[in-house]
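Worksheet for the structure shown next.
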Amino acid sequence: MIPYPHIDPVIIKIGPLALRWYGLMYLVGFLAAYYLVRYQLKEQGRTDLFPVLDDLIFWLALGLIIGARLGHVFLYFPGYYLHHPWEIPAIWHGGMSFHGGLLGITIAGLIYARRHNLDFWYWADLFVVPAPIGLGFGRLGNFINGELYGRPTHVPWAMIFPAGGPIPRHPSQIYEALGEGLLLFLLMWKTRRRPWPAGYKLALFLVAYGTIRFFIEFFREPDPGVALAFGWMSRGQVYCLLMVIVGCFLFIWRQKEKSPKGKI
């Protein structure tokens, strides 16, 4: 068994304001996405699109944060927040959902693309390439917070998490950081120059992420108070299956589509 490294979730606190590791991980994810999308645009010789990126990144970040919070509220614990509505905006208490964040950033991107006559699929392909970096750092933030820990186990690298009782558990946050983060990023980065139809990289991301997380969820302790589907499938696994289905549909649909001329 490996001792759990107790790290203060708060990096620095000044009065009522506190900088937390989890929030810093979100910031790192946004910065990585911004600079790696710039890098891809430069590779494509489209530095003229830097101003579009500078504006777009703000709205995507806003959509991600709002969607991640509302996803946690409505996809996982609607009953609790129905009786405690004042807790909905309290993101500093924790509670962010990847699937909600994905919906939020997608809606924000669709609205922005429609208003500015941009090709949504082109920009989606650019952003899903570095997206796993933010996911990986986010899981490290979960690990530091001692949340979303794994199921009981006796593997040599098991840890006892403060909130998980005196039981050795899988460090499933590390599994997810490596799978949804490092492994998925290497896969997506390798495809960035592929001359695929617009939307293909987004489809690949949906299928790959959904598949990786579906299997890692078997090592993660199910969310308390959230019923398992069919008695064994977590809520996260259900949403991951939907991601895989949507990704497969996109592969078929976008194969016959071409990027609209004049729209980038």
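Here, each number is a calculation from the coordinates, and none is a lab measurement. Fair warning: this is a prediction, and the values are worked out from it, not measured in the lab. So basically every Cβ, Gly included, is an ideal-geometry build from the backbone, and we count neighbours across all protein chains shown.
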Protection-proxy order for peptides 131-140, 182-191, each taking the mean of Cβ atoms within 10 Å per residue, highest first: 131-140, 182-191
Taking amide H positions as placed 1.01 Å from N in the peptide plane, with prolines and chain starts having none, which residues 5 or more places from Arg20, or on another chain, fall under 5 Å of its amide H? Ile11
Give the distance, in whole Å, between the Cα centre of region 184-222 and the Cα centre of region 73-130. 18 Å
Extending each Cα 7 Å along its Cβ direction at His6 and Gln44, get the distance between those two points in nm, one decimal. 5.0 nm
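What order do you get for 13-26, 96-109 when each peptide is scored by the mean count of other beta carbon atoms within 10 Å, highest first?
On the way: 13-26: 13.5, 96-109: 20.9.
Those peptides, ordered most packed to least, come out 96-109, 13-26.
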Positive-end residue, region 124-256 charge dipole about Cα centroid, Cβ charges, pick of Leu187, Met243, Ser172: Leu187
Each label point is 7 Å from the Cα along the Cα-to-Cβ direction; what then is the distance between the points at Phe215 and Leu228, in nm? 2.0 nm
For the chain, please report how many Lys pairs fall under 24 Å Cα to Cα, leaving out neighbours fewer than 8 apart on the same chain. 12
For Tyr4, what residues show an amide H to amide H distance below 5 Å, using hydrogens built from the backbone and excluding near sequence neighbours? Ile160
